[in-house]
1. Any idea which of P185, P125 is surrounded by fewer than 24 Cβ atoms within 10 Å (Cβ to Cβ) and either under 24 Å from Q72 (Cβ atoms) or assigned by TED's automatic domain parsing to the domain that holds L225 (or both)?
2. Run down A154, A144 and say which single residue is in a loop (DSSP other than H, G, I, E, B) and surrounded by fewer than 22 Cβ atoms within 10 Å (Cβ to Cβ).
3. Can you pull out the residues in region 267-295 that are in a helix (DSSP H, G or I) and closer than 22 Å to L588 by Cβ?
4. I'm trying to understand the selection: among the residues of region 510-558, which are charged (D, E, K, R) and under 26 Å from D389 (Cβ atoms)?
5. Which numbered condition trips up H269, out of (1) without any contact (Cβ under 8 Å) to a residue 60 or more places away in the chain; (2) buried (at least 20 other Cβ atoms within 10 Å of the Cβ); (3) not hydroxyl-bearing (S, T, Y)?
6. Look through F514, F524 and report the one residue that is within 18 Å of V383 (Cβ to Cβ), part of a loop (DSSP other than H, G, I, E, B) and not charged (D, E, K, R).
7. Out of the residues in region 409-458 that are within 26 Å of H500 (Cβ to Cβ), touching a Pro at 6+ places or on another chain (Cβ under 8 Å) and crowded, with 16+ Cβ neighbours inside 10 Å, which is modelled with the highest pLDDT?
Amino acid sequence: MNFLDIRDHGFFRLAAVVPKVELANPKANVISHLKELSQVYDQGAMYTLCPELGLTGYSCGDLFHSQLLLDQVGQSLREIIEATKYWDMIISVGLPLKLDFAVYNTAVTFYQGQILAVTPKAYPPEYREFYELRHFARASEAQADVVNLFDQDAPFGTDIIIYHPHNNFSLHVEICEDGWVPIPPSTSAALAGATVLANMSASDITIGKHDYRLQLMLGSSGRNLAVQMYCAAGFGESTSDVSWDGDAIIAERGNLLASSERFQLDGTHIIADVDLIAVEQDRMRQNSFRENGIDNLKEFRLANIKASSADLKRSEVYHNLRRQIDPHPFVPSDPLKRNERCYETFMIQSTALIRRLTQLPQDRRKIIVAVSGGQDSTHALMVATHAIDKMQLPRTDIIAITMPCFGTTQRTKNNAINLCQALGVTFKEIPVTKIVEEIFEAIGHDKSDTSLVFENTQAWSRKFVELAQAAKFKGLVLGTGDLSELLLGWCTYMGDHGSHYAVNAGVPKTLISFLISWTAEVIFAQEPRVQAILHDILATPISPELLPPDGETITQVTEDKIGPYELHDFFGYYFIRFGYSPKRIARLALAAFIQQVDTDNQKYDLADIKKWLGVFLNRFFTNQFKRNFMPDGPKVGLTCLSPRGDWRMPSDAQVQAWLDDWAKIPNAL
């Protein structure tokens with residue numbers, strides 16, 4: 001295995017090309033097709049989609065019945081097949097094809113000289129500016145399901161799935177309008193196992209049509225849990241009555257991977273690496289997809305690709321991933337989307353808390369929350385405050401407690417006190433030092449021994465105080481621990497791990513910081529004192545503050561001990577959401593945090609990634625018992641660890657198989 005080669009990690013490189021068109025001139029169109037095809041092949045494309053009727057142009061009108069044109073287009077197809085015979089790339093091109101006294105609008109898919117399938121258009125449109133039935137027969141009119149081209153018998157129809165053994169690439173091709181009808185052939189193909197759906201099009205452009213196409217393609221890829229490709233005709237088509245924009249789209253499971261720059265006067269193309277393992281993982285998990293396939297079963301013929309010759313392209317072509325891997329999968333990089341994510345997260349948390357409070361009798365609708373001046377407890381307090389405000393209850397119904405002990409610094413303590421005072425909640429300062437010391441004395445523990453007993457006893461003492469206050473004030477203890485801490489087990493069992501409601505349990509550490517900033521600017525925009533304190537809390541190092549500080553310097557910085565949270569959130573997202581192997585997670589992390597492996601722009605090198613991934617795996621498996629006994633809390637994103645919801649795992653599961661795979665990650669490139 002070549003660790004850098006994306007093909008060895010389950011990716012498949014796709015391209016859509018939009019050659020410049022010369023109407024009714026197949027010889028010229030062969031040249032323009034080969035120009036674009038050679039460019040994407042040199043960049044490692046393994047499958048390429050071309051536009052509908054690209055070898056003639058879509059807008060030829062009655063010339064489609066010209067015997068000369070039909071003969072020339074057949075010869076042009078032969079030339080392209082011959083020119084690409086030694087390429088390790090599957091290709092689909094569009095052309096008119098005469099068969100049984102009719103002309104069909106077809107897509108011909110071939111690979112290394114082998115014609116794999118000929119797909120006719122099922123629903124030629126005959127409305128508004130379209131009049132295809134004047135020239136083309138429907139797929140259902142065909143009298144045979146096999147066609148002979150250049151002394152090769154190839155399957156003919158819309159019921160063909162092309163299978164490539166590399167990463168289970170399963171392709172279905174349809175033509176333009178077929179993807180716009182209520183039940184497209186591609187949907188049936190996806191239910192039958194196709195993972196890549198290719199729509200070959202020559203759709204003209206009108207105002208707003210691109211947005212609608214994009215919605216269709218994104219919707220198809222999401223609904224069908226598939227890759228959806230789209231490739232339309234570009235410059236050179238007739239503009240007698242309509243115009244053309246050269247639209248091309250590659251989408252995967254509802255996400256846009258690549259789109260073309262439209263309205264180009266020459267040929268253009270797009271390339272993306274699609275994740276077929278993610279497609280398979282989603283289909284494995286979503287049982288309703290399989291059930292729907294069984295209820296709507298349609299038989300498809302399988303066209304297997306024969307063993308290819310050795311790939312002549314250097315493997316270095318595949319060392320850079322041709323898709324954007326966000327280093328922070330929980331936090332959108334687009335500021336507008338990030339604000340929307342913050343809004344939804346905050347509102348899910350606050351309204352879920354309101355629902356939990358309304359379950360209680362009116363005299364018990366109080367919230368007890370421990371505040372330390374750290375980010376997690378701060379965010380939980382802000383959620384609680386907004387919930388109480390929405391319920392039109394006094395903020396004094398929130399009992400916020402700060403419980404200083406051996407590791408508390410004046411900065412975090414002051415921030416906790418000042419924030420509570422600025423919000424107007426009921427505030428209590430209850431030091432737990434004496435309680436902890438009494439426990440040390442009772443169990444015979446030396447106070448100078450700052451081992452796990454020293455740390456955990458503080459967390460248990462604080463939880464005891466919270467629960468006692470909840471009994472006194474008849475309220476609900478609000479948990480402050482976040483998703484990242486649950487992933488790593490970085491919490492004290494029945495200490496900060498326990499609560500009546502874990503409001504932060506679905507929110508990762510990388511999102512918490514943005515949430516606090518967003519909350520300051522949006523929810524508490526009219527409270528400048530609150531805003532100022534929130535910004536200072538964000539500037540404070542993340543620490544449990546359990547070990548004694550050096551003066552006012554925090555000595556226990558969490559990320560120095562367990563590693564960067566942004567890496568652990570990345571690992572956790574792909575481990576839980578998709579079940580990826582350690583090798584694959586490490587390769588994605590390399591792409592996300594370095595982007596280009598041959599530059600010096602490295603935030604983490606492979607050794608860093610491997611080191612902290614090992615920490616993640618060991619901690620994740622060792623601490624499952626904490627997740628199996630976690631309190632209720634709202635699910636926020638697609639990654640959730642609730643034992644009653646998304647993640648069910650025995651506490652005694654063994655990590656060895658994952659560590660064996662982890663050991664295969666190279667220490668350096």
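The values are calculated or read from the model by the stated rules, or taken from the named source; none is laboratory data. On a predicted model such as this, the values are computed, not experimentally measured, just so you know. Note that we place each Cβ from the backbone using ideal geometry, even for glycine, and neighbour counts take in every protein chain shown.
1. Checking each option against the conditions leaves just P125.
2. A144
3. Of everything in region 267-295, those that are in a helix (DSSP H, G or I) and closer than 22 Å to L588 by Cβ turn out to be L276, I277, A278, V279, E280, Q281, D282, R283, M284, R285.
4. Quick first cut of region 510-558, residues charged (D, E, K, R) only: 521, 527, 529, 536, 545, 550, 552.
Result: E521, E527, R529, D536.
5. Failed condition: (1).
6. F524
7. The qualifying residue modelled with the highest pLDDT is V432.
Per-residue answers, yes or no, for (1) farther than 30 Å from A258 by Cβ; (2) under 25 Å from the mean Cα position of the chain (by Cα); (3) in contact (Cβ under 8 Å) with a residue 60 or more places away in the chain:
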| site | (1), (2), (3) |
| --- | --- |
| I305 | no, no, yes |
| R314 | no, no, no |
| D326 | no, yes, yes |
| P361 | yes, no, no |
| I368 | yes, no, yes |
| V371 | yes, no, no |
| S377 | yes, no, yes |
| D389 | yes, no, no |
